[in-house]
């Protein structure tokens, strides 16, 4: 039986060809086939460098996304799954577990303003806040990973630049050329995580096993203040009130801008309650 396993392994290795190039409608793969080291150029995902199987990232990789984010860590069958770190252009870093591209497990969010949130996530949703610090403690700061800063070729830089322009133009069309407001240097996703870390699960709601998603809207004024908080889809009064209370005590935002002028913007945020 052992000899058969060894022969099978040798047979698989013999099928790997180097310098394979596969071109699709919106991607280009260069590297070993059917598994090994490679580089994927994708208008949607950017540039992914690392281990591949059948032209899909499958192992340790570095992904430079058109949005400016850099994902460093494990992939499985083309999806970000395993332990990794995401570096954002604004200086924020998310470190921990991922599953199919979403936060999953224990993750640490290093915010641009120096604050830190450590929490447990399930498929992208915050389940339990473990700790939150306004100033990063030295022992946690020491665990913050460094951006790998891989030296890209001229061709790769040009590809990312074009992909980013397309991504930016698409985003501008969706946002009507408005520079959206910023929360602690991050976006609405960062605020959603902050809100979920602030809400308290009322005892009465736990007793009656109430859970689900509360969807709330609020306005970030031209001065960066949060006003006009309202629940547009609730679960139950006590849970709805917790969401309104948490959003209402939000720190100031950097307000939205349009043509150099500060603008008030109405935003929507979902908050999940899970027992």
Can you tell me which residues in the stretch 93-126 are surrounded by fewer than 17 Cβ atoms within 10 Å (Cβ to Cβ), in contact (Cβ under 8 Å) with a residue 24 or more places away in the chain and in a strand (DSSP E or B)?
106, 122
What's the number of the condition residue 141 fails, among (1) more than 14 Å from residue 88 (Cβ to Cβ); (2) in contact with a strand residue (DSSP E or B) (Cβ under 6 Å, 6 or more places away or on another chain); (3) modelled with pLDDT of 90 or more?
(2)
Whether any residue in the stretch 19-28 is touching a residue at least 12 places away in the same chain (Cβ under 8 Å), touching a strand residue (DSSP E or B) at 6+ places or on another chain (Cβ under 9 Å) and surrounded by 19 or more Cβ atoms within 10 Å (Cβ to Cβ) is what I want to check.
no
Going by the structure shown, is residue 151 surrounded by fewer than 11 Cβ atoms within 10 Å (Cβ to Cβ) and either in contact with a strand residue (DSSP E or B) (Cβ under 9 Å, 6 or more places away or on another chain) or farther than 16 Å from residue 69 by Cβ (or both)?
yes
Read through the list (1) outside any loop (DSSP other than H, G, I, E, B); (2) over 24 Å from the mean Cα position of the chain (by Cα); (3) modelled with pLDDT of 90 or more, then give the number of the only condition that residue 206 fails.
(3)
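Okay, residues lined up against (1) over 12 Å from residue 188 (Cα atoms); (2) assigned to a strand (DSSP E or B):
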{"position": "214", "(1), (2)": "yes, yes"}
{"position": "218", "(1), (2)": "no, yes"}
{"position": "222", "(1), (2)": "yes, no"}
{"position": "228", "(1), (2)": "yes, yes"}
{"position": "241", "(1), (2)": "yes, no"}
{"position": "245", "(1), (2)": "yes, no"}
{"position": "262", "(1), (2)": "yes, yes"}
{"position": "269", "(1), (2)": "no, yes"}
{"position": "272", "(1), (2)": "yes, yes"}
Looking only at the stretch 177-203, how many residues end up being touching a helix residue (DSSP H, G or I) at 6+ places or on another chain (Cβ under 7 Å) and either over 17 Å from residue 264 (Cα atoms) or assigned to a loop (DSSP other than H, G, I, E, B) (or both)?
6
Is one or more of the residues making up the stretch 161-170 outside any helix (DSSP H, G or I), on the phi < 0 side of the Ramachandran plot and touching a strand residue (DSSP E or B) at 6+ places or on another chain (Cβ under 8 Å)?
no
What strands (runs of 3 or more DSSP E) lie completely within the stretch 1-72 and have 1 or more residues being at pLDDT below 90?
17-23, 27-33, 35-42
Leading residue by the ranking (surrounded by the most Cβ atoms within 10 Å (Cβ to Cβ)) among those in the stretch 29-54 that are under 23 Å from the mean Cα position of the chain (by Cα) and farther than 24 Å from residue 165 by Cβ
52
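The values are calculated or read from the model by the stated rules, or taken from the named source; none is laboratory data. None of these values were measured; they are calculated from a predicted model. Backbone-built Cβ (ideal geometry, glycine too); neighbour counts: all protein chains shown.
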